[in-house]
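One structure is given below, encoded as structure tokens.
Any read-out appearing in this document is the output of simple, stated calculations on the displayed coordinates, not a laboratory observation. Computed from a predicted structure; not experimentally measured. Don't worry about glycine lacking a Cβ; one is built from the backbone with ideal geometry, like all the others, and counts go over all protein chains shown.
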Amino acid sequence: MKRIIITYGLISGMIAAALMLFVNMPLVDSGVIDFNNGEVTGYTTMVIALSLVFFGVKTYRDKHANGVISFGKGVKVGLLISLIAAVIYALSWEVSFSTMYPDFMTKWTEHQLGELKASGASELELQKTSDEMAMMMEYYKNPFIRFAMTIVEILPVGLVITLISAALLRKKEFLPATEPA
């Protein structure tokens, strides 16, 4: 079980990190897509990367559990894969934030305030948001808080995929293991 969890967790984490570092962030940073679309592409890349949870749970079921897995065991395997992937994703963000995107929070704040202004927000709303963003920027300076925030960004996606995978794969009739010829 450990080998499957580690293997699929590492691969999933590397895919999530690579898509964030080499696709999503460069597109946002260059202005090809804005922050709003960056969120959509960001979560899409997380779903792509965390789809390996399904394959990890299936591999465990088919190769180590004789084609049968309980919902609870599927959740355990999926969550552990998701956790490894989330840690790799968060570590990669820490490295890229420090080296390539140290002005990320400033740009994000400018974007948020620009969106509010464009929507016709009052000065009071703008000031309130500006104060909230300043507090967020202060929090974001702490690497432990930033790391935790990044984990919280991806882990719920892993949880949803884990629950779906465990629910589907507990049925031994669902994509049964094929016998070698």
Hits among aspartates and glutamates - C-alpha to C-alpha of LYS2 under 20 Å, sequence gap 8 or more where chains match: ASP62
Sorted by Cβ density within 10 Å, fewest first, the residues ILE5, ILE48: ILE48, ILE5
Amide H partners (placed H, <5 Å) of TYR101, local residues excluded: none
Percent RCO, i.e. relative contact order, over segment 69-160, from Cα pairs under 8 Å lying at least 6 residues apart: 52 percent
Cα-based Lys pair tally, segment 43-181, threshold under 15 Å, eight or more apart or on separate chains: 10
Size of charge dipole - the chain - debye, nearest 20, with Cβ of Lys, Arg +1 and Asp, Glu -1, no other charges: 1340 debye
The chain - percent relative contact order, Cα under 8 Å, separation 6 or more: 36 percent
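Could you list GLU110, GLU123 so that the one with the fewest beta carbons within 10 Å of its beta carbon is first and the one with the most is last? Kindly include the intermediate steps, with their values, before the conclusion.
On the way: GLU110 13, GLU123 7.
Least to most surrounded, the residues fall as GLU123, GLU110.
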Pairwise label distance in nanometres, SER70 with ALA134, each label 7 Å out on the Cα-Cβ vector: 5.4 nm
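With Kirkwood's inverse mean 1/r over C-alpha pairs for Rh, give me the Rg to Rh ratio of segment 28-67, two decimals please.
Working: Rg = 16.4 Å, Rh = 12.1 Å.
Reported Rg/Rh (Cα atoms, Kirkwood Rh): 1.36.
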Pairwise centroid distance, computed over Cα atoms, of segment 3-75 with segment 116-181, Å: 13 Å
Computed helical MRE - 222 nm, the chain, DSSP H runs ≥ 4 contributing -39500 (n - 2.57), nearest 500: -26500 deg cm²/dmol
Net charge over other residues, Cβ less than 9 angstrom from the Cβ of TYR101 (K, R count +1; D, E count -1): -1
Per-q log10 I(q)/I(0), segment 100-181, q = 0.12, 0.18 Å⁻¹ (Debye; single scatterer per alpha-carbon; no solvent): -0.60, -0.87
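If R0 is 45 Å, what FRET efficiency do you get for GLU123 and PHE22 from their C-beta distance, rounded to 0.05? Could the numbers behind the result be given before it?
On the way: r = 40 Å, r/R0 = 0.90.
Efficiency at R0 = 45 Å is approximately 0.65.
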Once exposed loop trypsin sites (Lys or Arg not before Pro) are cut out (DSSP; at most 15 other Cβ, 10 Å), longest piece of the chain: 1-140
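List the DSSP H helices in the chain whose Cα atoms stretch 15 Å or more along the helix axis and whose mean Kyte-Doolittle hydropathy is at least 1.0.
Details: long enough: 2-19 (25 Å, 1.41); 35-50 (22 Å, 0.53); 52-64 (17 Å, -0.28); 71-99 (41 Å, 1.31); 104-118 (21 Å, -0.67); 123-140 (25 Å, -0.67); 143-169 (38 Å, 1.97).
Length and hydropathy pass: 2-19, 71-99, 143-169.
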Residues SER30, SER92, SER70, SER82, sorted so that the one with the fewest Cβ neighbours within 10 Å comes first: SER30, SER70, SER92, SER82
Among TYR101, ILE164, ALA148 - extreme Cα towards positive end, dipole of the chain, charges at beta-carbon: ILE164
